[in-house]
């Protein structure tokens, strides 16, 4: 089904998409954040083919985003729970949702995330923990990290010129 | 190539992925943030089939994420620039990258985004502009927004129980 792989790409965005970038995968993760854990619930809510859902769940479990946990013995039944690695995708999901609310949906946001204390919709901003300032394209530049290949280093040098 | 569509799904994450969720699309956007604008540059750097890149660029232009701008008359040549809508994807890309840096790459981050003033790598945190606090799963709940369908309202009620 997938035409190629991003493996070997020296890029954390590609590495992330290698795990969660297949069609449907991030929606499965989103449903997990909304509390859905069982195959039948996910299948019904997403309206996805059962074999596709099976494949996506298997990939997410293989990469440790979800874990498959028994909840019943007879007959044996399993549910899918977010791991710490999976829960760490929350900012990704919220960022995708915020962009869609602003730029992609026609009739206003289908749902709001509201702060449990204030009851007001959250307004997500990505800030730098060190400076407290919003992270904006104009305020940052890309430099090689410890995992940079020579090709990445060369590429970033051309970008600096 | 795509097996189905998320159109009709009452969800901003799905609406976003409908636009940028195809395999390769977010990597094209990422390269655009790194300053690449021309077909040949993108094709070389991503190592992607030319017909796939053509299709992805066409979709991104059709949705107003990129615009196709002439930069030369004879022969006519075009480049692809991020629009405001495209630049608004920066938090999505940074969130995907941060997750990959932490959870998906093997040998450390391939690149760091550093603050232009301090020269230090940024540490992205998603906060609520209203409260200044980090947005965490445990601190929010989902409620219907103005664009909620009856099915979404019913679904969210079952989640509250």
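The residue that is farthest from residue B:7 (Cα to Cα), among those in segment B:63-76 that are touching a helix residue (DSSP H, G or I) at 6+ places or on another chain (Cβ under 9 Å), free of Cβ contacts under 8 Å to residues at least 24 places away in the same chain and not in a loop (DSSP other than H, G, I, E, B), is B:68. Taken over segment B:10-30, residues that are closer than 12 Å to residue B:86 by Cα and surrounded by fewer than 21 Cβ atoms within 10 Å (Cβ to Cβ) amount to 0.
Among the residues of this structure, residue B:131 counts as one that is assigned to a loop (DSSP other than H, G, I, E, B), facing another protein chain (nearest Cβ under 7 Å), touching a strand residue (DSSP E or B) at 6+ places or on another chain (Cβ under 7 Å) and free of Cβ contacts under 8 Å to residues at least 40 places away in the same chain.
For segment A:71-84, check the following and say yes or no: at least one residue is crowded, with 19+ Cβ neighbours inside 10 Å, touching a strand residue (DSSP E or B) at 6+ places or on another chain (Cβ under 9 Å) and within 14 Å of another protein chain (Cβ to nearest Cβ). There is at least one residue in segment A:71-84 that is crowded, with 19+ Cβ neighbours inside 10 Å, touching a strand residue (DSSP E or B) at 6+ places or on another chain (Cβ under 9 Å) and within 14 Å of another protein chain (Cβ to nearest Cβ). Residues that are assigned to a strand (DSSP E or B), at the interface with another protein chain (Cβ under 7 Å from one of its Cβ atoms) and surrounded by fewer than 20 Cβ atoms within 10 Å (Cβ to Cβ) within segment B:113-123 comprise B:114, B:115, listed in sequence order. Of note, residue A:55 satisfies the criterion of being surrounded by fewer than 17 Cβ atoms within 10 Å (Cβ to Cβ) and within 17 Å of residue B:21 (Cβ to Cβ).
Inspection of segment B:51-62 identifies no residue that is touching a helix residue (DSSP H, G or I) at 6+ places or on another chain (Cβ under 6 Å) and at the interface with another protein chain (Cβ under 9 Å from one of its Cβ atoms).
Read the figures in this text as sums done on the coordinates, not as results from a lab. Only a predicted model underlies this, so the values are computations on that prediction, with no experimental measurement involved. All Cβ positions, glycine included, derive from the backbone under ideal geometry; neighbour counts span all protein chains shown.
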